[in-house]
Amino acid sequence: MHRPGIFLRLRQRLGAWLGRRGQENRFPRLEAKLGYRFRDADLLANALLHRSQVHVSGQDRTDSNERLEFLGDAVLGAVVSDHLYHLYPGHSEGDLTKMKSLLVCGARLAEVAMAHDLGHHIRMSRSEASAGGRQRPTILADATEAVIGAVYLDGGFQAAADVIHRLVLAGSEEILSRRSRRNYKSRLQELIQASHKSPPRYRVVSSAGPDHDRRFEVVVTFEGRILGRGEGTNKKAAEQMAARAALDNLPAEP
């Protein structure tokens, strides 16, 4: 006897199975760069979902990658702390904290994202993308942490640690050796005041974006000359980036 209900259920199961197989291959290039293959591709998709896309699609903000970012930040901090603790047994807690801040800061995580073309895969609104969202350091850094959180949920702590070592900690000793352990503003002021009495000055030249995602542009000047420009989600962050640009523009120290 013909039993349409059975065939309907079979079609549904087949469709679900084919859907899962399709999900498994949604990000083959990205997974290859991460060196990790997801069992649950939805976790990686969630890690790449920016809140701007959630807003325009009418989803709840908790559907974005922000929760995974929160989790990834904690896992990243634990792995980097463990790495530094064992690599530098003679260093104080203060030194280790400073080194950690250099390795997990937004600028470093954005570098990691750009090196692995993460911005290309992030789902965001058209307006965000047209405003340069795929290259925005804060969005890239947040997505990097979210991906780490997704790996942790999918494969456990060791899998996440392996990805962090490959992506974030690769060449960490070189990174630490060529970056000042003090903040960029302090370093710039020290260099200038070593031969001049006047300090560098910072000025906000523009601000844009909604209140929840404001962007500031700052210039740092000395004796009326612009030394560098920087952008950030607040004035202090923008000043740091301007000071960093100024340090890059200054002649190399003897």
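Taking amide hydrogens as placed 1.01 Å from N in the peptide plane, the amide H of HIS116 sits under 5 Å from that of no residue at least 5 positions away in sequence or on another chain. Averaging the sequence gap over all C-alpha pairs within less than 8 Å and six or more residues apart, then dividing by the number of residues, gives the chain a relative contact order of 16 percent.
Annotation for segment 150-254: trypsin sites (Lys or Arg not before Pro) lying in DSSP loop with at most 13 further Cβ atoms inside 10 Å of their Cβ are ARG181, ARG182, LYS197, ARG214.
Only lysine pairs 8 or more places apart, or on different chains, with alpha-carbon atoms under 20 angstrom apart are counted in the chain, and they number 7.
A cut-off of 5 Å between modelled amide H atoms, ignoring neighbours fewer than 5 places along the same chain, links LEU49 with ASN65, ARG123. If you plug the beta carbon distance of ASP248 and PHE70 into 1/(1 + (r/R0)^6) with R0 = 30 Å, you get a FRET efficiency near 0.40.
Under 16 Å from a label point set 7 Å out along the Cα-to-Cβ vector of VAL56, the amide N atoms of segment 115-139 belong to 120-136. Each label was represented as a point 7 Å from its Cα along the Cα-to-Cβ direction; for HIS86 and ASP162 these points are 1.5 nm apart. When both bridge partners sit in the chain, DSSP labels roughly 95% of those beta bridges antiparallel. Cβ-to-Cβ counts within 10 Å put HIS120, HIS165 in ascending order as HIS120, HIS165, the fewest first. Under a 5 Å amide H cut-off, with hydrogens placed 1.01 Å from N, LEU227 pairs with VAL220, THR221, PHE222 among residues at least 5 apart or on other chains. Take every Cα pair under 8 Å whose residues are at least 6 apart in sequence, average their separation, divide by the length of segment 184-249, and the relative contact order is 28 percent.
For the chain, the residue among PRO200, ALA160, LEU103 whose Cα projects farthest onto the positive side of the dipole built from Cβ charges is ALA160. Rounded to the nearest 20, the Cβ-based charge dipole of the chain about its Cα centre (Lys and Arg +1, Asp and Glu -1) stands at 640 debye. Across segment 109-163, the relative contact order, built from alpha-carbon pairs under 8 Å that are at least six residues apart, equals 37 percent. Only helices enter the 222 nm calculation for the chain: every DSSP H run of n ≥ 4 contributes -39,500 (n - 2.57), and dividing by all residues gives -18500 deg cm²/dmol, rounded to 500.
Using θ = phi - 60° in the Karplus curve 6.51 cos²θ - 1.76 cosθ + 1.60, the 3J(HN,Hα) couplings for segment 206-223 round to 6, 8, 8, x, x, 4, 7, 9, 6, 10, 10, 10, 10, 10, 10, 10, 9, 6 Hz; x is entered for Gly and Pro. Angle of helix 106-115 to the longest C-alpha principal axis of the chain, folded into 0 to 90 degrees and rounded to 10: 60°.
If R0 is 25 Å, the Cβ-Cβ spacing of ARG201 and GLN135 corresponds to a FRET efficiency of close to 0.35. Reducing segment 41-96 and segment 171-233 to their Cα centroids gives an inter-centroid distance of 26 Å.
Taking θ as phi - 60° and the Karplus parameters 6.51, -1.76 and 1.60, the scalar couplings of segment 137-153 work out to x, 5, 5, 5, 5, 4, 5, 4, 5, 5, 5, 4, x, 5, 4, 4, 5 Hz in sequence order, x denoting glycine and proline.
Taken together, the values in this text are just the output of simple stated rules run on the coordinates, not laboratory data. Predicted model, so just to flag it, every value in this text is computed and none were measured. Note that we place each Cβ from the backbone using ideal geometry, even for glycine, and neighbour counts take in every protein chain shown.
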